[in-house]
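First up is the structure itself, then whatever we jot down about it.
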Amino acid sequence: MNTKLTLTIEQTVIEKAKKYAKGKERSLSSLIENYLKALTKESDSNEMELTPIVKSLKGSFTAPKNFDYKKELTNRLSEKNL
């Protein structure tokens, strides 16, 4: 069942998001819905199986203690997609 949702977002962000959605031949609502689904998706297991390449890289990088990877990922994806 679909339910209407009201959001308060900066006008410039809305305009860019609408342009992006149009370019992908999607509605803005469907993009936001899929994004929220991805954010709230529960994984079947806490531990993902690593590929051999990823296993070989494991431990080769140490992030600073105050590094917020979720914030960094959000910033990078925002730059890339908008």
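The values are calculated or read from the model by the stated rules, or taken from the named source; none is laboratory data. Owing to the predicted nature of the structure, the values given are computational and were not obtained by experimental measurement. The accessibility values were calculated without ligands, DNA or RNA, using every heavy atom of the protein model including side chains. Shrake-Rupley method; radii C 1.70, N 1.55, O 1.52, S 1.80 Å.
Of all positions in the range 10-25, none carries a residue that is assigned to a loop (DSSP other than H, G, I, E, B) and open to solvent by less than 100 Å² (accessible area, probe 1.4 Å). Among the conditions (1) open to solvent by 90 Å² or more (accessible area, probe 1.4 Å); (2) over 12 Å from the mean Cα position of the chain (by Cα), T51 misses just one, which is (1).
Test K71 against the stated conditions and say whether it is assigned to a helix (DSSP H, G or I) and not aliphatic (A, V, I, L, M). Yes: the conditions hold for K71.
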